[in-house]
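Enquirer: Just passing along the structure, written as structure tokens.
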Amino acid sequence: MTQFPTRLKLAALAAFALASAAVAAEPKVEARTAVFQNLIDCKAKGDAAERLACYDAAVSSLDVAEKKGDIVVVDRDQARAARKQAFGFTLPSMAMFDRGEKAEDLDRVATSIVRAYQGGDRRWTVELEGGAVWAQTDDEPVARDPKAGSKAEIRKAAMGYFMNLDGQRAVRARRVR
């Protein structure tokens with residue numbers, strides 16, 4: 001049996017590792033739903049009348065599936081809004097909204113408080129416009145009590161999130177709903 005020199009083994013191992021990393025880094029593209037794929041397949045029909053009949057049937061099926069909720073069609077602005085609304089949650093399935101463009105790196109959200117209250121532990125919980133609920137996780141005091149209409153900014157931190165209420169010193173927080 002032939003023995004490979006150590007350098008050659010290391011080079012092969014490095015090439016394998018790089019190739020594996022490149023494959024792992026590629027975003028997984030979701031397969032198209034059958035109803036949508038049937039529509040796309042119509043363009044391959046050579047005969048114009050056959051192609052038109054195929055498109056008519058496929059569009060009808062697509063319309064029925066969308067009305068039943070079997071498929072959901074969103075535009076780019078709706079996808080951006082969904083990513084913004086999910087800020088603070090780790091949702092790998094959000095990648096479905098990244099087709100066609102690089103997802104913007106959303107690192108902060110600024111909005112208004114709908115409701116704010118303290119728990120028995122003196123930590124604040126705030127409900128924001130759009131329905132997100134954030135809870136303070138540290139014991140830092142908040143100088144001015146937040147209330148409905150107050151401004152809140154949530155931003156990513158090295159380990160978690162910071163919540164800034166009406167421009168005061170930020171407190172650590174996590175999204176609870």
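Enquirer: Being small (Gly, Ala, Ser) and out of contact with any Ser or Thr (no Cβ under 6 Å at 6 or more places or on another chain) narrows it down to one residue among ALA143, ALA135; which is it?
Expert: Just a single option satisfies the conditions, and that option is ALA143.
Enquirer: Within region 141-154, work out how many residues are open to solvent by 60 Å² or more (accessible area, probe 1.4 Å) and farther than 12 Å from LEU128 by Cβ.
Expert: 5
Enquirer: Any idea which residue in region 121-173 is modelled with the lowest pLDDT, counting only those that are hydroxyl-bearing (Ser, Thr, Tyr) and assigned to a strand (DSSP E or B)?
Expert: Per the stated criteria, the residue is TYR161.
Enquirer: Taking region 70-113 on its own, how many of its residues are closer than 28 Å to GLU127 by Cβ, open to solvent by less than 50 Å² (accessible area, probe 1.4 Å) and at pLDDT 80 or above?
Expert: Qualifying residue count, region 70-113: 4.
Enquirer: So which residues in region 117-157 are more than 30 Å from ALA79 (Cβ to Cβ) and touching a Pro at 6+ places or on another chain (Cβ under 9 Å), if there are any at all? Explain how you work it out, then say what you get.
Expert: First, pick out the residues of region 117-157 that are more than 30 Å from ALA79 (Cβ to Cβ): 117-124, 136, 138-147.
Answer for region 117-157, where residues must be more than 30 Å from ALA79 (Cβ to Cβ) and touching a Pro at 6+ places or on another chain (Cβ under 9 Å): ARG122, TRP124.
Enquirer: Evaluate the following for GLU66: is it closer than 30 Å to LEU106 by Cβ and at pLDDT 85 or above?
Expert: So GLU66 passes the test.
The values are calculated or read from the model by the stated rules, or taken from the named source; none is laboratory data. Here the structure is a predicted model, which means the values were calculated and not measured. So basically every Cβ, Gly included, is an ideal-geometry build from the backbone, and we count neighbours across all protein chains shown. Accessible surface is based on the protein model in full, side chains and every heavy atom, while ligands, DNA and RNA are left aside. Shrake-Rupley method; radii C 1.70, N 1.55, O 1.52, S 1.80 Å.
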